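Have a look at this one before I ask anything.
Since every read-out is calculated from the coordinates, none of them should be taken as a lab result. Source: prediction; values computed, not measured. Using ideal geometry, Cβ is built from the backbone for each residue, glycine included, and neighbour counts are taken over all protein chains shown.
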Amino acid sequence: MIRISMSLPNKLLADFDEVLKDRGYQSRSKGIRDALQDYILRYQWMNEMEGQRVGVVTVIYDHHFSGVMEKLADIQHDYRQEISASMHIHMTRKYCMEVIIVNGEVTHIRDLTERMMRLKGVEHVKLTSTANGEKLDPTDTLEHDHDHSH
Ligand code: NI
């Protein structure tokens, strides 16, 4: 094993310790190892997705943070083909939540998600998605739409 040292904001560490306590972890190092493992898995999972997906991107950000709203809007305009709709919730005095419905090529959806994650002022970005049904329902044309004989 290799030892590393790192700087963390107080609050992040306090929140992390709280979770470790709730989950019965005896060791902070073990908690950090598991969290890293989880982070890596989630990234790999996201990268292995292929094809057409439909999903939801949830973004939580501090709207007081300079420029973040404009940058989020710019990014969404770049991916307007993949974005079906979005909703803005004024979550607290400080934080906003945006829920973005996406549908399209997963490589583009992933780029959109990652660009948002990299922004300062953005606290949380999560993509949940599933296959968008294009392959599930190849007969989904208007002609076949009225066949309810099941
Ligand atoms: Ni707001």
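What is the spin-label model distance, in nm, from Met6 to Asp22 if the labels are put 7 Å beyond Cα along the C-beta direction?
Here the modelled spin labels are 2.0 nm apart.
I've got another one for you. Please rank Thr58, Thr128, fewest neighbouring Cβ atoms within 10 Å first, as an exposure proxy. Show your work: numbers first, answer last.
Values: Thr58 14, Thr128 10.
Listed from fewest to most nearby Cβ atoms, that is Thr128, Thr58.
Please give the helix 28-48 orientation as an angle from the longest Cα principal axis of the chain, in degrees from 0 to 90, rounded to the nearest 10.
Once rounded, the angle reads 20 degrees.
Just rank Lys71, Lys120, fewest to most, by other beta-carbon atoms within 10 angstrom. Could the numbers behind the result be given before it?
Numbers: Lys71 19, Lys120 11.
Ranking Lys71, Lys120 by Cβ neighbours within 10 Å, fewest first, gives Lys120, Lys71.
Cut-off is 10 Å between beta-carbons; in what order do Ser29, Ser5, Ser129, Ser86 appear when sorted fewest neighbours first?
Details: Ser29 11, Ser5 4, Ser129 19, Ser86 16.
Result, fewest neighbours first: Ser5, Ser29, Ser86, Ser129.
So, one more: Quick one: helix 106-117 against the long Cα principal axis of the chain, what's the angle to the nearest 10°, folded into 0 to 90?
30
While we're here: With a cut-off of at most 13 other beta carbons within 10 Å, and DSSP calling the residue loop, which GluC sites (Glu not before Pro) in region 1-53 qualify? Please list them.
Working: sites: Glu18, Glu48, Glu50; in loops: Glu50.
Passing both the DSSP loop test and the Cβ count: Glu50.
Using +1 at the Cβ of each Lys and Arg and -1 at the Cβ of each Asp and Glu in the chain, identify which of Asn10, Ala35, Met87 lies farthest towards the dipole's positive end.
Asn10
For a quick check, take a GNM of the chain with Cα springs below 10 Å and name the residue from Arg33, Arg42, Arg115 with the largest mean-square fluctuation.
The residue with the greatest mean-square fluctuation here is Arg33.
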